[in-house]
Amino acid sequence: MHNILIIGGGAAGMMAAIFAARTGGNVTLLERNEKLGKKVYITGKGRCNVTNDCTLDEFMREVPRNPRFLYSALSYFGPQHMMELLEDGGCPVVVQRGRRVFPATEKASDVTRTLEKLMRESGVRIVYGARVKEIRMEDCAVTGVELMDGRVLDGDRVIIATGGLSCPLTGSTGDGYRMAEACGHTVTPRSAVLSAIETV
């Protein structure tokens, strides 16, 4: 059984934790904030537009650049799977205008609560206030992480799910890029995807 450490308790980190645990991993999720899914809370104006009710081909047609990159991931877990995951976890969803899918309550917090519940049911350990300083390695193999407070956690697998640089107040401060580079990964230059237009 692998000891898997997941850095970041946003949507990606929670999903990674659920599926890593379901496949037999001993999973610990490390979240630097006091609660999970801080960015999830502000999506869809607090209602959380979870996915769209469409086929894989329809979804791919809406991806403006290199949709083939997403094909294998979305074939494994597409929009219908996401809807089923939430429904099975006790969070009914509704389809609204534009085939956008929201939790039936229209509360983003219910999505986060459901993902947290699914993690706990899968045996995931969640550690709050755990900001990772560095990923520890020995002979090019991961051995764990060191937290900013000096604690060291052992692990033979690490998943970086820290988000980008889009919203530093939620914890997206770019730490993941720094950690990935320190492990020898190539990191491409970042550029804005969604940005405000200011008129005068």
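So, of the residues in segment 147-171 that are under 22 Å from Arg125 (Cα atoms) and hydroxyl-bearing (Ser, Thr, Tyr), which turns out to be modelled with the lowest pLDDT?
Taking the candidates together, the pick is Thr170.
Considering only segment 74-114, state which residues are modelled with pLDDT of 95 or more, of a type in the set (Ser, Thr, Tyr) and open to solvent by 60 Å² or more (accessible area, probe 1.4 Å).
Thr105
For (1) acidic (Asp, Glu); (2) over 26 Å from Lys38 (Cα atoms); (3) out of contact with any Pro (no Cβ under 7 Å at 6 or more places or on another chain), each residue gets a yes or a no:
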| site | (1), (2), (3) |
| --- | --- |
| Asn66 | no, yes, yes |
| Tyr71 | no, yes, yes |
| Phe77 | no, no, yes |
| His81 | no, no, yes |
| Glu84 | yes, no, yes |
| Asp88 | yes, no, yes |
| Val95 | no, no, yes |
| Asp110 | yes, no, no |
| Leu115 | no, no, yes |
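Would you mind telling me which numbered condition in (1) in a strand (DSSP E or B); (2) in contact with a Leu (Cβ under 7 Å, 6 or more places away or on another chain); (3) open to solvent by 40 Å² or more (accessible area, probe 1.4 Å) Arg190 fails?
(1)
So, Gly24, is that one open to solvent by 10 Å² or more (accessible area, probe 1.4 Å) and free of Cβ contacts under 8 Å to residues at least 24 places away in the same chain or not?
So Gly24 passes the test.
Do we find a residue being in a loop (DSSP other than H, G, I, E, B) and under 20 Å from Gly10 (Cα atoms) anywhere in segment 74-83?
Yes, there is a match, as at least one residue in segment 74-83 is in a loop (DSSP other than H, G, I, E, B) and under 20 Å from Gly10 (Cα atoms).
For every residue, the table says whether it meets (1) crowded, with 18+ Cβ neighbours inside 10 Å; (2) on the phi > 0 side of the Ramachandran plot; (3) touching a residue at least 24 places away in the same chain (Cβ under 8 Å); (4) not in a loop (DSSP other than H, G, I, E, B).
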{"position": "Ile6", "(1), (2), (3), (4)": "yes, no, yes, yes"}
{"position": "Ala17", "(1), (2), (3), (4)": "yes, no, yes, yes"}
{"position": "Thr28", "(1), (2), (3), (4)": "yes, no, yes, yes"}
{"position": "Lys38", "(1), (2), (3), (4)": "yes, no, yes, no"}
{"position": "Asn49", "(1), (2), (3), (4)": "no, no, yes, no"}
{"position": "Asp57", "(1), (2), (3), (4)": "no, no, no, yes"}
{"position": "Asn66", "(1), (2), (3), (4)": "no, yes, no, no"}
{"position": "Phe69", "(1), (2), (3), (4)": "no, no, no, yes"}
{"position": "Ser72", "(1), (2), (3), (4)": "no, no, no, yes"}
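Name, by its number, the condition in (1) part of a helix (DSSP H, G or I); (2) charged (D, E, K, R); (3) without any contact (Cβ under 8 Å) to a residue 24 or more places away in the chain that does not hold for Lys133.
That leaves (1) as the condition not met.
If you go through segment 144-151 one residue at a time, do you hit one that is on the phi < 0 side of the Ramachandran plot, acidic (Asp, Glu), touching a strand residue (DSSP E or B) at 6+ places or on another chain (Cβ under 8 Å) and not in a strand (DSSP E or B)?
no
Can you name the residue in segment 158-187 that is outside any loop (DSSP other than H, G, I, E, B) and in contact with a helix residue (DSSP H, G or I) (Cβ under 8 Å, 6 or more places away or on another chain) and, of all such residues, is least open to solvent (accessible area, probe 1.4 Å)?
Ranking the candidates gives Thr170 first.
Within the group Arg99, Arg190, Arg151, Arg136, which residue is within 20 Å of Gly10 (Cβ to Cβ) and not aliphatic (A, V, I, L, M)?
Only one candidate qualifies: Arg190.
The values are calculated or read from the model by the stated rules, or taken from the named source; none is laboratory data. Quantities reported herein were computed from a predicted structural model and do not represent experimental measurements. Neighbour counts run over all protein chains shown; Cβ positions are idealised from the backbone, glycine included. Heads up: the accessible areas ignore ligands, DNA and RNA and are worked out on the full protein's heavy atoms, side chains in. Shrake-Rupley method; radii C 1.70, N 1.55, O 1.52, S 1.80 Å.
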